[in-house]
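The values are calculated or read from the model by the stated rules, or taken from the named source; none is laboratory data. Keep in mind that what you see is a predicted model, and the values were worked out from it rather than measured. Cβ: placed from backbone, ideal geometry, glycine included. Neighbour counts: every protein chain shown. These accessible areas exclude ligands, DNA and RNA; they are computed on the full protein's heavy atoms, side chains included. Shrake-Rupley method; radii C 1.70, N 1.55, O 1.52, S 1.80 Å.
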Amino acid sequence: MKTKKEIESDNSGRRAFLKKSGIAVLGTSLAYPVGAFGVSPASKDAVLKVGLIGCGGRGTGAAAQALQADPNVVLSAMGDVFEDRLETARTELLKVLPEKIKVDPENRFIGFDAYQKVIASDVDVVILTTPPAFRPDHLTEAVNAGKHVFCEKPVAVDAPGVHKVLEAAKIAKAKELSVVSGFCFRHDTANKAIFGRVLDGAIGDIRAITTFRHGGEAWYKDRQPDWTQMTYEMRNWYYYNWLSGDFIVEQAVHSLDMMSWAMGDVMPIKATGHGGRQVRTDKKYGNIFDHFSVEFEYPNGAKGYHFTRQQADTSHQNSVEAFGTEGSAIVNIGRQYDITGKNKWSFEGERNNMFQTEHDVLFAAIRSGSPINDGVSMANSTLLAIWGRMVGYTGQTITLEEAFNSQESLGPKTEEYDWDLVWETPPIAMPGKTKLI
């Protein structure tokens, strides 16, 4: 039996992935093996070129998984605002997949316009793994250029960004491009089994659902003497809501995505709740909160409750529990997948690497010519998290229409980015004083 710490480590995502197991061990226990969609021999012979945009730990892991999702895939272009991140990622990938790293010096792009250069290069697929603020414009540029996309979650930090993503998803659909999101829990075999049963009525009509994402403090990078304010904030993007959306958007959005999945991807009609900053009192933590609690109300009267916190030395929990008219579904990530009541059931099947599977699905879809488009669901789940942040920041009850039509844009326009830009960071929100825009 694994300890709680070991279980949480197993499910901690791509940041731990490189340190924990090494890239080379990926690709085992695939839920969707290459060829599952009837790939023709001719299409198997064509080499698919991948461009990586955003070369941190998350991007490095995603690139490795993409390269292992199909036998004829190479990495041919890389882009990041920081040269050291690009070179570190390239070095790590070369250690384990040297035959698939074909990134010539002229295809290593540095700067705020690096994404445009990667997309303009001769790539077929782009991986979008920069901080979330950049995702809407990067996705738009990619689909306009006719590229297939792996788009890490969340896909925006504000409602105007969500609108951009929805428009990009329409363009992708019209062009028959695949867009697969980084909402990886939807590719986990245990989750697919239990949520599939819930959607088939195993617990009857859901009357309430809870999601918890409780954990400790996140990473932080000390300021260096030669850093401008923009450099400092970009290096610590997690702590600035104009870059990350706040932690409810950047991390806890996974829980909200699972809540939405269990509810059939029907959007709630209103939300209320609270949030605050009890522990993150040091200015180094930017302007994000350290806890949120939000109640969502659905059209049929069902309630969804989301609780999340990031506070050191507190208990950890990553769970979803749905309460229906004929039973309950209990998910403790990595440990328990049970249905109680009339249709009692427990998951006993084989587990997969959900991070790998999402790339297997993407490349199988590309090979088969049967596009996958996660655009609407990834936009809606991201909006749920942005909506929760709005509720926590303002202390007000907010409707879906108000959240979706919010005009608040947290960061500068893409063309304004510059290392000497001093962006007026939004002040720390004060419920009751901060207004919904």
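General remarks:
- Meets criteria (in contact with a strand residue (DSSP E or B) (Cβ under 8 Å, 6 or more places away or on another chain), crowded, with 23+ Cβ neighbours inside 10 Å, closer than 22 Å to residue 218 by Cα and at pLDDT 95 or above) for residue 245: no
- Apart from one condition, residue 49 fits all of (1) open to solvent by 20 Å² or more (accessible area, probe 1.4 Å); (2) at pLDDT below 95; the exception is (2).
- Matching residues in region 176-192 - criterion: being open to solvent by less than 30 Å² (accessible area, probe 1.4 Å) and more than 18 Å from the chain's Cα centre (by Cα): 177, 190
- Test result for residue 213, farther than 24 Å from residue 58 by Cα, in contact (Cβ under 8 Å) with a residue 60 or more places away in the chain, open to solvent by 10 Å² or more (accessible area, probe 1.4 Å) and basic (Lys, Arg): no
- Of all the listed residues (429, 403), the sole one being under 23 Å from residue 237 (Cα atoms) and modelled with pLDDT of 95 or more is 429.
- When region 64-79 is filtered for residues that are in contact with a Cys (Cβ under 8 Å, 6 or more places away or on another chain) and either part of a helix (DSSP H, G or I) or open to solvent by 10 Å² or more (accessible area, probe 1.4 Å) (or both), nothing remains.
Matching residues to (1) out of contact with any His (no Cβ under 7 Å at 6 or more places or on another chain); (2) free of Cβ contacts under 8 Å to residues at least 24 places away in the same chain; (3) open to solvent by 40 Å² or more (accessible area, probe 1.4 Å):
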residue	(1), (2), (3)
121	yes, no, no
124	no, no, yes
130	no, no, no
139	yes, no, no
154	yes, no, no
162	yes, no, no
167	yes, no, yes
174	yes, yes, yes
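Residue-by-condition table, conditions (1) free of Cβ contacts under 8 Å to residues at least 60 places away in the same chain; (2) within 22 Å of residue 426 (Cβ to Cβ):
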site: 274; (1), (2): no, yes
site: 283; (1), (2): yes, yes
site: 294; (1), (2): no, yes
site: 315; (1), (2): no, no
site: 323; (1), (2): no, no
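- Yes/no for residue 119 being closer than 29 Å to residue 157 by Cβ and touching a helix residue (DSSP H, G or I) at 6+ places or on another chain (Cβ under 9 Å): yes
- In region 294-317 there is no residue that is open to solvent by less than 30 Å² (accessible area, probe 1.4 Å) and in a helix (DSSP H, G or I).
- Within region 82-119, being without any contact (Cβ under 8 Å) to a residue 60 or more places away in the chain and outside any helix (DSSP H, G or I) holds for 101, 102, 103, 104, 108, 109, 110, 111, 113.
- Reported count of residues in region 265-293, each being within 12 Å of residue 247 (Cα to Cα), part of a loop (DSSP other than H, G, I, E, B) and hydroxyl-bearing (Ser, Thr, Tyr), is 0.
- Here is the figure for region 242-264: residues that are more than 16 Å from the chain's Cα centre (by Cα) and outside any helix (DSSP H, G or I) total 2.
- Unmet requirement for residue 195, which otherwise passes all of (1) surrounded by fewer than 21 Cβ atoms within 10 Å (Cβ to Cβ); (2) in contact (Cβ under 8 Å) with a residue 40 or more places away in the chain; (3) not acidic (Asp, Glu): (1)
- Every residue from region 229-266 that is β-branched (Val, Ile, Thr) and in contact with a helix residue (DSSP H, G or I) (Cβ under 9 Å, 6 or more places away or on another chain): 248, 249, 253, 266
Condition check ((1) touching a strand residue (DSSP E or B) at 6+ places or on another chain (Cβ under 7 Å); (2) of a type outside the set (D, E, K, R)) across all residues:
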position: 301; (1), (2): no, yes
position: 304; (1), (2): yes, yes
position: 308; (1), (2): yes, yes
position: 319; (1), (2): yes, yes
position: 326; (1), (2): yes, no
position: 333; (1), (2): yes, yes
position: 337; (1), (2): yes, yes
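- Here the condition is being within 24 Å of residue 276 (Cβ to Cβ) and touching a residue at least 60 places away in the same chain (Cβ under 8 Å); of 365, 329, 385, it holds for 385 alone.
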